[in-house]
Amino acid sequence: MWISERWVDYELLDCSDGERLERWGGYTLVRPDPQVIWRTPREHPGWGNPDAYYERSQTGGGRWIQSATGSMGGDGGPKTAERSTQNRGRSAAGAPANWRVSYNDLTFNVSLMNFKHTGLFPEQAVNWDYITDRISSAGRKISVLNLFAYTGGASLAAAAAGADVCHVDAARGMVARARENAKASGLDGKPIRWIVDDCAKFVQREINRGRKYDVLIMDPPSYGRGPAGEVWKLEDDLYAFLGLCAGVLSDEPLFVLINSYTTGLSPSTMAYLARSLLGGRAVADELGLPVASSGVALPCGASCRWER
């Protein structure tokens, strides 16, 4: 397992019964995690007094609840009542609308976003280290294409290491957040192209233009629908998509990095797929975060690293 264990501003304090207790800078959050199927004792005091927590609704979806408001909601099931009891007589600051956390020289804006997210996946830090090491030691100028690039962790790591970066995501708001992160990290003057586009269509246009990249990074969604109703399912479509992306790799590619949060797509399958399409060698493993209370690592998706 590749474990992101160099964080200072983030810490996975504990996890139990379908939830994580996390510290993001100076604030503690409780969020759902379906992989946490164990029910270990919740002895960490943060469980009873988080600054905010995400409460799932019995009718689907959910919402963030600020502890400081005293509003515990009424549709969250037994955990709502449990947490309400725990909070009596206690005081939490409540999380602000936006705040920042840093990893090495990179700074990120985080917030309480829809569907339990904060705008950052801390387990990806181990990949940011890999990106930094490979690009900074390449001995030549490296061009990077980052697809499904979200809020830009990989793009910033690559730019900080000296690469020219093309950052592509279909969500305009996520690209805007990535640009904010670049500015917060002092990288707004670096050569980063910010593209709001469908990733497959953009790659096809780059092929038509004859543009090549030394590094390809992708974090495709598990499932999605296009504007015309077309369905994307990672297990079914990744092979063809990676085959398309091979058309933009340079004659001297440095690496390809593929991320997956789909439980049905094992690391070994990703490595076999990469080798079958690109040749070379590929290694893949789970990503993990160390749990402070137990010393074990929580699995958080997987990555495949291909090199020629």
Problem set entry | Efficiency of FRET between Arg39 and Ala240 - r from beta-carbon atoms, R0 51 angstrom, step 0.05 | 0.80
Problem set entry | In nm, spacing of pseudo-spin labels at Glu252 and Arg63 (7 Å Cα→C-beta vector) | 5.7
Exercise. Once label points are set 7 Å from the Cα along Cα→Cβ at both Ser294 and Asp133, what is their separation, rounded to one decimal in nm?
Worked result: 2.7
For this session: List the relative contact order of region 265-308 as a percent without decimals, with contacts defined as Cα pairs under 8 Å and 6+ residues apart.
Result: 43
Exercise. ³J(HN,Hα) across region 271-281 via Karplus (A = 6.51, B = -1.76, C = 1.60, θ = phi - 60°), whole Hz, x for Gly/Pro?
Worked result: 5, 5, 4, 5, 5, 5, 8, 10, x, x, 10
Exercise. Among the lysines, which have Cα under 27 Å from the Cα of Lys116 when same-chain residues fewer than 8 positions away are ignored?
Worked result: Lys79, Lys183, Lys233
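What does the convex hull of the Cα atoms of region 90-178 come to per residue, in Å³, rounded to a whole number? Mind dumping the intermediate values first?
On the way: hull volume 9.7 nm³, N = 89.
Hull volume normalised by residue count: 109 Å³.
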Problem set entry | Gyration tensor verdict on region 121-307 (Cα atoms; rounded if a/c is under 1.5, prolate if a/b is larger than b/c, oblate otherwise) | rounded
Seminar exercise, completed: Computed from the beta carbon distance with a Förster radius of 22 Å, FRET efficiency for Asp188 and Asn98 to the nearest 0.05 stands at 0.80
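If you stretched the chain out fully between Val231 and Thr269, how much longer would it get, using 0.36 nm times the residue separation minus the C-alpha to C-alpha distance? Spell out each step's value before the answer.
On the way: separation 38, 0.36 × 38 = 13.68 nm, distance 2.16 nm.
Additional length available on full extension: 11.5 nm.
Relative contact order for the chain: what percent, with Cα pairs under 8 Å and sequence separation of 6 or more?
Details: 624 pairs, mean separation 46.3, N = 308.
In percent, rounded to a whole number, it is 15.
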Seminar exercise, completed: Residue by residue through region 207-219, the couplings from Karplus 6.51 cos²θ - 1.76 cosθ + 1.60 with θ = phi - 60°, in Hz, x for Gly and Pro, are 4, 4, 7, x, 7, 10, 9, 7, 10, 10, 10, 8, 9
Exercise. Between Asp9 and residues 5 or more places away or on another chain, which pairs have amide H atoms under 5 Å apart, with H built 1.01 Å from N, and which residues are they?
Worked result: Ser102
Problem set entry | Proximal aspartates and glutamates relative to Lys212, as straight alpha-carbon distance under 17 Å, when same-chain residues fewer than 8 apart are discounted | Asp164, Asp251, Glu252, Glu307
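Throughout, read-outs are computed from the coordinates displayed, never taken from laboratory work. Not measured: the values here are computed from a predicted model. Ideal geometry is used to build each Cβ from the backbone, glycine not excepted, and the neighbour counts take in all protein chains shown.
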